[in-house]
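One structure is given below, encoded as structure tokens.
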Amino acid sequence: MPKTPAKNTVAIDGQRWQLVFRSLRRRNLCGLCEYDKRRVSICTSLEGMERLDTICHELLHACQGFASEEHVAQTATVLATVLWQLGYRMEDE
């Protein structure tokens, strides 16, 4: 199966952001949204539903920097669950 690309460029609110898959284990993080660098990082150790939820979570932070952590977490889980039920998967899963 194809590997997940390490770096992708995505458009968020009319700006180019990097979506990066890298190890975040040393920092004990699943994901990270860096507004100043316009970069969303997802830990490469994540798989399946946890990875999809984290991607949704961090992209929501990038789209809605004003939103509370609780709102982002709840919304990301709803989106990830629906997408998962519809059969959305990364190519390497």
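Side notes on the structure shown:
- Largest GNM mean-square fluctuation among 41, 68, 23, using the chain with Cα springs under 10 Å: 68.
- Top of 76, 62, 11 by mean-square fluctuation, Gaussian network on the chain, Cα under 10 Å: 11
- Backbone N under 12 Å from the residue 93 label point (7 Å along Cα→Cβ), restricted to segment 52-74: 52-56
- Accessible surface for residue 54 stands near 10 Å², nearest 10, in the context of the full protein assembly shown (1.4 Å probe).
- Carbon and sulfur %, accessible surface of the chain computed with the full protein complex present, 1.4 Å: 52
- In the context of the full set of protein chains, the chain has a per residue accessible area of 67 Å² (1.4 Å probe).
- Modelled spin labels at residue 86 and residue 22, positioned 7 Å past Cα toward Cβ, are 3.0 nm from each other.
The values are calculated or read from the model by the stated rules, or taken from the named source; none is laboratory data. Here the structure is a predicted model, which is why all the values come from computation and not from measurement. For neighbour counting, all protein chains shown are included, and Cβ atoms are generated from backbone atoms with ideal geometry for every residue, glycine included. Heads up: the accessible areas ignore ligands, DNA and RNA and are worked out on the full protein's heavy atoms, side chains in. Shrake-Rupley method; radii C 1.70, N 1.55, O 1.52, S 1.80 Å.
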